[in-house]
Amino acid sequence: MSIHAGDDGRALLHCHAGCESPDVLESIGLQAADLFADDPRQTARRNGHGPPRKKAPDARTREGANQTEKVYATARDAVAELERRHGPRSTTWTYHDAGGEPVGLVVRWNTPTGKDVRPVSKTPAGWIIGGMPTPRPLYALPDLLATKPGDRVYVAEGEKAADAARAVGLVATTSPHGSKSAGKADWSPVSGREVVILPDHDDAGERYAADVARLATAAGAKSVRVVRLVELWAGMPEGGDMADLVEHRGGDVTGGAIRAEVEALTPKPAPTTPKPAPIDGGPVVVRLSDVQPEPVAWLWPGRFALGKLTLIAGDPGLGKSFLTLDMASRVSTGAGWPDHRGERITPGGVVLLSAEDAIADTIRPRLDAAGADVARIVALEAIRSVGDNGRESARAFDLSRDLPALEAAIRSVEGCRLVVIDPVTAYLGGVDSHKNGEIRGLLAPLGAIAERHRVAVVAVTHLNKSAGGPAIYRAMGSLAFAAAARAAWAVAKDRDDPRRRLLLPIKNNIAPDTGGLAYRIEPLGVDGCPAVAWEPDPVNVSADDALAGDRDDGGGRTERDDAAEWLADLLAHGPRAARDVERDARDAGYSIATVRRAKAAIGVVSRKPAFGGPWEWTLPAQDAQPPKMLTEDAHTPASEHLGEKHAGFDGNPSKMLNGEGVSALGDGERLGDTATDAGDGWGEL
């Protein structure tokens, strides 16, 4: 970190690790006002014309992440240093760990213009002036932990309001270090409890309530409700809270009147019959009379829903990533949607997973060109891994094992509303993208995260190479991608205008079809950086029609070439049963004859690993013992082989088997009496 003095005497900070100044100030217990020069009275003291400062408490230093911190032997010493700087304190609140040991203080000074708050925290080296490390404990944690699952816990905004609620007899808590830091607290102690939030009577209070509701729900709270104290005091001033209500009632916390009124705002649910002990393998049922109907919540009305998974599919180079970054920009700024011009939306956070674009030279410039508030957007670059030797390394995000990390990323962004995974096939880990069961098993937990955090999850994928057929079958890999998504959209070229892109509905299970939209990629940013430029009018072309003509078949490219690319991708994860290849080929729109020609063109090997077992197809490099020779398929031009003759071929097909029953000519009955099992028919290809 660099610290310099400005011309006006103000301290100028620059963190070379990229930390924002407010975060640095919080970590060392300062505020922005402390960067300015002292007033003349303070200067006079330094020049010897005023009363001397109090002697600073003894302290040693430690090296922090970005600065050198003073370490004090006791919390009292740290508070004494703050009082030496700012005068006698007005109030102090103490935070404890689960064992009841003090781990932090919040020190407050009441000033003519409001309040001044400074944190003090315990570290392994001693006490420092600065915020507690994350995750931070909740206020009055021992009392909170003393409650039982099912008990009610009230959450106020700030320690003063929490103390007022505690004074009237409620179990109450709050999170430390301000309304914007709720996400840095550990909310796990509210698991199983009924959480009732008492927000301050202002916009900041409502935002804090929304954050706490989301965090408490994610932590496993039995229920979460928000009640507003203005219902008990119609004239409550702007920013009023529980402490103001108690003061308004004369400060009398005895008798239980205020407690009863607050509890009446949130009556306890009616008693229910105790649930039987869980039975392994028993059904999980929900009585529909117990379900409160609610409308679908939308990120982009009618197109992308909150709490749902949506798919975007399109060929490379059509601007799918530009489209999702445009969405991210609009979410971050609240700019509204292109088909709802003039209507702003609630700004929110965004989490990006991008396997194909670099953050510094591609994603950030494109977001800037789109006018994004990049402070609200984070990229999940990798997953930290710690080895047995304690060394840290990074690995790629994997949907099959890293969903907790994705949830942590969502919680790290204030008011997160959008998650983009581009492309989703890059994050499958070892899951085969062509197997419906595996893909459904992967996407179901992802959909649950979307619902739990009320975020729109947008997964991007490419189209397969099959021309023609319904658009819903064109997404790369298994049909489960499109089936699991509640809505799916295609990005296609306009046949009549190659620079024009069409966003068209493939399916929408939760809203009527309102048609598509059109956009172009235009140089709108600094130095001509491209961004999305939307057209105002709807597009009524169907995705089936648009994708039927979105391929350029010039240059001699054949349907067999497309099938060969598809087949190579299918077998890239390992051998596949011949019957499964047949099913997947039909799903992708290829005929058996076309795939047979593609098989020969790329040298796919047919084999039967076990006597009497099913035939398998595998790529040559995957076969443990490659066939001793490759023979020409009757449908394959001689020019596609390495030579016109293959050494060792004497015209007898039975000699073209290797030790594992592998044939490059074909399988089963095509080898005559040598094969003992013709398999399922596709073994003959």
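Just so you know, all these numbers are worked out from the coordinates, no wet-lab data involved. All figures in this text were calculated on a predicted structure; none of them were measured in a lab. Neighbour counts are summed over all protein chains in view; Cβ atoms, including those assigned to glycine, are modelled from backbone coordinates with ideal geometry.
Here are some notes:
- Stokes-Einstein translational diffusion, segment 350-439 - Kirkwood Rh over all Cα pairs, 1.567 mPa s, 4 °C, in µm²/s: 88
- Ile510/Glu343 FRET efficiency (R0 25 Å; Cβ-Cβ; nearest 0.05): 0.80
- Ala146-Glu261 pseudo-label distance in nm [points 7 Å out on the Cα-to-Cβ vector]: 2.7
- Evaluated at q = 0.12, 0.28 Å⁻¹, a Debye calculation over the C-alpha positions of segment 461-531 (equal weights, vacuum) places log10 I(q)/I(0) at -0.42, -1.26.
- A crude spin-label estimate for the pair Thr362 and Glu83, with each label 7 Å from Cα along the Cβ direction, gives 5.9 nm.
- Computed over segment 298-548, the ratio Rg/Rh where both radii use C-alpha atoms and Rh is Kirkwood: 0.95
- The residues packed around Val79, meaning those with a beta-carbon under 12 Å from its beta-carbon, carry a net charge of +3 if Lys and Arg are +1 and Asp and Glu are -1.
- Extension gain (nm, one decimal) between Ile592 and Leu403, 0.36 nm per residue minus Cα-Cα: 64.2 nm
- Ordering of 164-171, 250-257 by packing is 164-171, 250-257, highest average first (other Cβ atoms within 10 Å, averaged per residue).
- Asn540 paired with Ala375, simple spin-label distance in nm, labels 7 Å along Cα-to-beta-carbon: 4.6
- Shape category assigned to segment 141-265 from the gyration tensor of Cα positions, a/c cut at 1.5: oblate
- Summary of packing: across the peptides 106-116, 301-311, 574-584, the per-residue average of other C-beta atoms within 10 Å ranks them, highest first, as 301-311, 574-584, 106-116.
- Sparsely packed GluC sites (Glu not before Pro) within segment 354-428, loop by DSSP, other Cβ within 10 Å at most 16: Glu356, Glu381
- Summed side-chain charge close to Ala518 - residues other than Ala518 whose Cβ falls under 10 Å, Lys, Arg +1, Asp, Glu -1: -1
- Per-pair calculated FRET efficiency, R0 = 41 Å: Val284 and Ser412 via Cβ, rounded to 0.05: 0.85
- Relative intensity, log₁₀ I(q)/I(0), of segment 388-432 from a Debye sum that treats every alpha carbon as a point, q = 0.14, 0.16, 0.17, 0.32 Å⁻¹: -0.45, -0.57, -0.63, -1.18
- Sites Ser393 and Thr94 - FRET efficiency at Förster radius 35 Å, r taken between beta-carbons, to 0.05: 0.35
- Packing here is the average count of other Cβ atoms within 10 Å per residue, and on that basis the peptides 144-154, 199-209, 221-231, highest first, run 199-209, 221-231, 144-154.
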